[in-house]
Amino acid sequence: MNPQQNPNQPPAGPHQGQPPPPRPGFAPQQQPPYPQQRPMQHPHQIQQQGIRPPINSAMQQRPQPGMPSAMPVVTASAAVPGVRPPSARPYPQHSNLGPPAGAPQPHAALQPNPQMQGRLSPRPPAQPGAIASVESQMAALDLQARQPSPARPLSPEAGPAKTKRSARAYHTDAQPGAAPGWNDAPSQPNPAPAPWQQAAAARVAQQGHSFNQAEDDAALDQMPGQRNVLSPAQAAHNRAMMAQAQGGARPDMPANQQSNIPGMQAALGSNGGIAQPPHQAGQRFAGPRSKIDPDQIPSPVEMQDADQDFFDKEWFATCGRGGMPLSTTSFAAVDQGNCSPKHLRLTTYSMPATDELATTSQLPLAVLLQPFAQLRPDEAPIPVATFGESGPPRCKRCRAYINAWCVFVEGGQKWTCNLCGTATEVAADYFCNLDMSGRRVDFDQRPELSRGSIDFAVPKEYWAIQSTPPASVLLPVAPLSTRTETAKIEPKNDSNKDYEGTTLGLSGQGAQAAKSATKAASEALSGLQLGKGRTTVRAPRPLTYFFIIDVSYSAARSGALASSVEAIRETLYGPKAGAAAEETNGAPDADATSGPGFGLVEGARVAILTFDRALHFYNLSAELDQAQMLVVGDIDEPFVPISDGLLADAWESRHLIEGLLDNLPAMFADNMVGDAALGAAVRGAQAALSTIGGQVNIFLSTIPTVGPGALKHREDTKLYGTDKEKNLFVPQDGFYRGAAEECVDAGIGINLFFFPSQYIDVATIGVLPGLTGGEVFFHPRFDPVRDGVKLQSELRRAVLRETAYNVTMRLRCSNGLRVADHFGNFFQHNATDLEVGTMDADKCIAALVKHDGKLDEKHEAHFQCAVLYTTAEGERRVRCHNIAVPVTSVLGNVFRYADMDSTVAYYAKETVSLAHAKPLKEVRHYLTDKCVKILLAYRRNCASSTSPGQLILPESFKLFPLYALAINKTKSIKGGNVTSDVRAFYMRFFRAQGVSAIMSMLYPRMIALHTMSDADGSPIKIQQPDGTTVDGTRIKTPALMRPSYLRMEGHGAYLLENGEMCIVWLGANVNPRLLEDLYGVSSLEEVDARMTRLPKLPTELSKQVRAIVESFGLQRNKPELPVLIARQNRDGTEVELANSLVEDQNNDAMSYDY
């Protein structure tokens, strides 16, 4: 049955004698009885200088996301009389005949259908192919000879129509037949093959390849999943089932089968789509209900297109009455007192007044915090307020920071906290008189009184506390006159050499002196006593970047070492001079007159450490002619053998850093040491950065087996799918957690780049970025050609995005609310403060809020996120994000102003957190149960008067079942056999990422490339509300389509994007002209499946697709999105694409239309 909007949804007007709840931050205007208690004028009523004006009050209302309001309502048994069927879907002549689930699909013609162009967009639905008998299909396939044969010629009545089409069209036109088919859709005869298709079939026939039935079957058995070729027995069974179906029965037919013979991969879908690969099929729905028409189910593509079109013409006013923009929408926000939803999102913007009401709604009350989210270039940056040595004003009770929602009273002598209601005296240096409206006279010069997001420059009392450094940091540095090695000298590669107790960088006497100093330093630290209240603070300084590179045998052999050093060099200094534009993808060359790289701050320092069974430090002092290597072999008690020169200025020592990075692959090309002492390398970086903090980027290719933190291979495939599988996600060694906690105290964040060829235990080593605020990047079976572009893009983003270190964060709420739990990457010393070594623009933390009292409906509920941090430039600041939302006692308002994107992101973070303690099957059931309870709560309490046979969904949550299904299909918790490393990586991904990245991964964007118009891929001129026109800020993209094989064509080409990568799917019968325009080849066999960049061709199609891919990357804040290739039934990348088609039956789960 089909969903319907709730006819009894609460109106926007007064309800039960109460005024309607204001939108976020909007408070009813009330005149105070006397000026002394006159409240401060709300920020949205004031137009500030230098800030974009508020949204036009006369603007049109933004269309509500989702399906149109006048949706037909169809019960499970019959259609409602008088309701017009969907577009291009006439009433069926045989209403009792429907397509059995999994029925074999008719053989589609090699020439595409003209009506298929219109169905590539989400609506109207696709036109089906012809309905042919199984005998005719078998005759056409000619399985015995296994040779492709041309389809039957068409009768003149059904031949191709002579219609005018574009000169650069990649599809042909034909008239549809009139006979009705399955799924209430007209069937169509097979059109005649095009000349180029006949020529392709002739080339295949001339190959003279003789297929052997037994040998071919044996070869097919080696392919993953089921065999996808019809056997004679299967064909006979299908004929019998078809005969039974013609008698009126609805048999349970097997899954769609599709030919896998080269040259014969034709579209077989009965409704115009192609058959889903059998090895991607999931669980079948065994319920008694008939299949729902997918075109009548709410879809995200309509609401995404409508939302983006609206905000292309309007700014988002943070205190306006409109709904929140979708997290995947590119918009510009105007700060009117509430912060932008890019920084802080709530699961509902109408807060329940009581805990009972919140429990009845079943909605989680959560806040998604992304304090350093990247803003668009046309948005006003977050202002910085300075208060000198006194620091920013704070509430004397709850310690909240002053913000736009505080009210000044008693002539400006005091201000009332909006969170706890306490009046605090105004400091003498901050005092200012009030005007007649109760507003400070200096209001226009005080951004903290009008902006929802503000940065406070803080004095020394806010500086980071210096933790007690490890004993190795206190070592006396070995004199440089001792034995050293330069970067040109190749290290020893004897795999049987015992490095224990030796050091190539220090003489024997120097090593013994260093160990003695270590012992003395440890004794001194044990007796160190600090007086009560006496602490040591750390002066802020620019961020330091420490690169730890695995140079073991696995890293050198796989190419990970060469790709890693090239990615580091390009990140710091840009592409090499004279590099071809095709190789750099248009990236700017390094400018010798500017700073290093694409954006490293002035004063940033860089350190490099390589490791296998030993640690290799490098002296990068600018006075040297070449880098010097100092090797520490004592990995059980590692120490730093150098003080000056280890941390070098990125620009002053550029010649040394670039020379070292260029020589590293050759230095360790013949390295036969297979061990990796990761724990010792982490300790070495921690010792070097313990007094200053910084960012550590680790490149690891093999599981650490020696030294501190040595791990064992514990992967056990017998645990897959059992209750004990969760044990594989629990760290097996406590060393990495202890090291991560010490790094957090020292202000060190860690990013991990994995290049495993086999099990590497991401669950254990991933604790390092998990606690320090870093990120995990995963490249299994690393291929430099395939994965090199993505690695460069990831590292460039990790280093150059806005990054803060020495971070402490706290979320404060109004009286009556409390923070109950947190989900994300962080470490907690207490129940309220979250601490991380580093936090960047992409990291997001979810906070679950509970009631501890009743809220007053006459006042708003307030939230303040305060982040104490050090900028990459070396300034100590406090960033505050504030938001106020109305309070309600009406359940309908809770649902009406709920934000589905925030709810989905919250549950994605919660489910992966539960996977460490519960079996994955219970986690999936938990999410499904939450989805059912939310929708049932709305059905019972807000739509109880409707017919029981109708499926009623709240307008704001009509797509929640789809996204709940998508979460259950992710590799983190889905059913089936998935390696623990892959699951652990995706668990870390969802714990770390923000709302937009999560929503993009769950439901990727998909467009058809073979039906693009000439305008697609061209810049759009956007008319701003103030009358200005912005050119080139947006690229026109084709209409989005729902990701499903049912909506794809065998002769088509499609682009799928999930925020992390793009995949171009090429059908088996794709037009060669499209291949020539896009890849410069004429056949699928000539396409290089390993390429990850679109070639720069002078054709119009190439320019269009490259512009669209580049715009996708800009929207996702990615320097570059790799573009993979998936040829139908040829490449393994198609498995990844099939897993991303969440509306299909795959990933061990059902399809969306069940």
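The values are calculated or read from the model by the stated rules, or taken from the named source; none is laboratory data. Predicted, not measured: the structure shown is a model, and the values here were computed from it. Using ideal geometry, Cβ is built from the backbone for each residue, glycine included, and neighbour counts are taken over all protein chains shown.
General observations
- Residue in segment 370-404 that is surrounded by the fewest Cβ atoms within 10 Å (Cβ to Cβ), counting only those that are hydrophobic (A, V, I, L, M, F, W, C) and in contact with a Gly (Cβ under 7 Å, 6 or more places away or on another chain): ALA373
- Only a single criterion out of (1) crowded, with 24+ Cβ neighbours inside 10 Å; (2) in contact with an Asp or Glu (Cβ under 7 Å, 6 or more places away or on another chain) is not satisfied by PHE639, namely (2).
- Verdict on ARG1073 being over 12 Å from PHE1112 (Cβ atoms), charged (D, E, K, R) and not in a loop (DSSP other than H, G, I, E, B): yes
- The condition (being surrounded by fewer than 22 Cβ atoms within 10 Å (Cβ to Cβ) and either farther than 21 Å from THR691 by Cα or in contact (Cβ under 8 Å) with a residue 60 or more places away in the chain (or both)) is satisfied by just one residue among PHE778, PHE782: PHE778.
- Scanning segment 686-710 for residues that are in a loop (DSSP other than H, G, I, E, B), more than 30 Å from the chain's Cα centre (by Cα) and not polar (S, T, N, Q) yields ILE692, VAL706, GLY707, PRO708, GLY709, ALA710.
- Meets criteria (in contact with a strand residue (DSSP E or B) (Cβ under 7 Å, 6 or more places away or on another chain), surrounded by 24 or more Cβ atoms within 10 Å (Cβ to Cβ) and closer than 28 Å to PHE782 by Cα) for LEU620: no
- Selection within segment 915-945 - surrounded by fewer than 17 Cβ atoms within 10 Å (Cβ to Cβ) and assigned to a helix (DSSP H, G or I): LYS921, GLU922, HIS925, TYR926, THR928, ASP929, VAL932, LYS933, LEU936, ARG940, ASN941
- Taking segment 369-433 and the strands (runs of 3 or more DSSP E) fully enclosed by it, the elements with 3 or more residues that are closer than 20 Å to GLY337 by Cβ are at 407-409.
- Residue match in segment 732-741 (condition: of a type in the set (Gly, Ala, Ser), free of Cβ contacts under 8 Å to residues at least 40 places away in the same chain and not in a loop (DSSP other than H, G, I, E, B)): yes
- Whether a residue is under 30 Å from PHE729 (Cα atoms), crowded, with 23+ Cβ neighbours inside 10 Å, in contact (Cβ under 8 Å) with a residue 24 or more places away in the chain and among the β-branched types (Val, Ile, Thr) was assessed, and VAL885 does not pass this test.
- Taken over segment 946-993, the criterion of being more than 27 Å from MET324 (Cα to Cα), not polar (S, T, N, Q) and not in a loop (DSSP other than H, G, I, E, B) is satisfied by ASP981, VAL982, ARG983, ALA984, PHE985, TYR986, MET987, ARG988.
- Condition check for PHE826: closer than 20 Å to PHE990 by Cβ, under 17 Å from the mean Cα position of the chain (by Cα) and free of Cβ contacts under 8 Å to residues at least 60 places away in the same chain: no
- Qualifying positions in segment 712-731 - closer than 30 Å to VAL807 by Cα and surrounded by 14 or more Cβ atoms within 10 Å (Cβ to Cβ): PHE729, PRO731
- Candidates ALA1015, ALA1068 - the one that is surrounded by fewer than 21 Cβ atoms within 10 Å (Cβ to Cβ), over 21 Å from the mean Cα position of the chain (by Cα) and not assigned by TED's automatic domain parsing to the domain that holds GLN374: ALA1015
- Here MET999 passes the criteria (1) in contact with an Asp or Glu (Cβ under 6 Å, 6 or more places away or on another chain); (2) assigned to a loop (DSSP other than H, G, I, E, B); (3) modelled with pLDDT of 95 or more except the one numbered (2).
- Test: PHE863 is of a type in the set (A, V, I, L, M, F, W, C) and either in a helix (DSSP H, G or I) or in contact with a helix residue (DSSP H, G or I) (Cβ under 8 Å, 6 or more places away or on another chain) (or both): no
- Assessment of segment 773-781 against the conditions (over 26 Å from GLU835 (Cβ atoms), among the charged types (D, E, K, R) and assigned to a helix (DSSP H, G or I)) yields no matching residue.
- Residues of segment 631-665 that turn out to be free of Cβ contacts under 8 Å to residues at least 60 places away in the same chain and in a helix (DSSP H, G or I), as a count: 2
- Enumeration of residues in segment 835-848 that are touching a Lys or Arg at 6+ places or on another chain (Cβ under 7 Å) and assigned to a strand (DSSP E or B): ASP840, ALA846
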